[in-house]
Structure formats: structure tokens, C-alpha cells
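What follows is a single structure, written as C-alpha cells, with notes after it.
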Amino acid sequence: MSVLLSEIANNVKLGKGCVISINCQIISDVGEIQIGDYTIIEDGCVIRNNQLKKMIIGSYNVFETQCKIENSNIGDGNVFEVRTQIESGCIIYGNCRFGIQTRVPPQQEIPDFSRVSYPFNIIKIQEYDWKFHREELQELFLHYQSLYEKSKQK
């Protein structure tokens, strides 16, 4: 079951166990957006595809508050911290982490296990504990599921 607290466009396909928080905008003007399983999109995020090409977001991703993603493909297991901006045409591979207020300019490829941090948008490739990320994601999902259940009781 996915938890939807925002409306999404008709041509957005969600995998199982996703959380779409309040005030999110998932906008698909032309092409489809496909979001994988157990992805969490926190409040105020904007995900937009205004191109014919399908935009794919993998599974086990976390988009923290007020992230903006445009016309980019994203692999599995990434964390986008508060106010991260991924501009048009980027390819983000798997298990990457983007620091608070990081901005990735258009047409960039970010390899697996990268760390991108503000203010200098420095990219580092380092070891990443996938098991820890998965546990962190499960805790977040349970938290949002609890909030959703409480909101239904009111």
C-alpha cells in the first residue's frame, strides 16, 4: 500500500509502499513518470517531467523536504537531503547521497555511491552501507504510515 497525501498526475505510476507527503507536486506535462517501490517523497517536493521521454525514479529513494527534480532519471537507494535541486537531463545512479541545498546542474551523470555536498557541489565516491540505508528507509516509512493512519481517524 502506498500513502498519498498529495494529488499526483494521471500518468504517474507508483510502485508499492511509496509515501507521497503533503504539498508535493508530481507533474507530468507530457511524458510519464515511473516511481519505484518504497520511495519516500517528503513535503513540498516538486518532481516534474515536461519531456516526451519517460522519467524513471527507482526504488528505495528518499526525497527530503522541498527537493526539486526535473526531467532526470534516478536509480535505486539514493537520499536527496533538504532543498536538493537536480536540474534537467541528469542521470543519478544508485546509492548516492546529496547534501542539504545541493544543486546539480543540467546534463550531469552522478556515478554509484557518490556523495555530493554544498556549497561547492563536490562529488566524492565512497563506501556506502546499503543495509543501513534500507533500515533508515523502513523507519521513515513506518513513521509516515503511522501519521497517515492517525489522520484517517480524525
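The values are calculated or read from the model by the stated rules, or taken from the named source; none is laboratory data. Note that this is a predicted model, so its numbers are computed, not measured. Backbone-built Cβ (ideal geometry, glycine too); neighbour counts: all protein chains shown. When the accessible area is computed, the model is the full protein with side chains, heavy atoms only, and any ligands, DNA or RNA have been set aside. Shrake-Rupley method; radii C 1.70, N 1.55, O 1.52, S 1.80 Å.
Let me know the number of lysine pairs in the stretch 1-130 closer than 20 Å at the Cα, not counting same-chain pairs under 8 apart. Taking the stretch 1-130 as the scope, the lysine pair count is 6.
In the chain the longest region clear of GluC sites (Glu not before Pro) that are loop-assigned by DSSP and have at most 13 other C-beta atoms within 10 Å covers 8-126.
Solvent-accessible surface of the chain, averaged per residue with a 1.4 angstrom probe and all protein chains in place: 53 square angstrom. Using only the Cα atoms of the chain, build the gyration tensor, take square roots of its eigenvalues as a ≥ b ≥ c, and label the shape rounded, prolate or oblate: rounded if a/c is under 1.5, else prolate if a/b is larger than b/c, else oblate. Oblate is the answer for the chain, as a/c is 1.5 or above yet b/c matches or exceeds a/b.
For the chain, the share of accessible area belonging to carbon and sulfur comes to 49 percent (1.4 Å probe, ligands and nucleic acids excluded). Sequentially through the stretch 46-62, phi angles give Karplus couplings (6.51, -1.76, 1.60; θ = phi - 60°) of 10, 10, 9, 10, 10, 10, 5, 5, 5, 9, 10, 10, x, 9, 6, 9, 10 Hz, Gly and Pro residues having no value and appearing as x.
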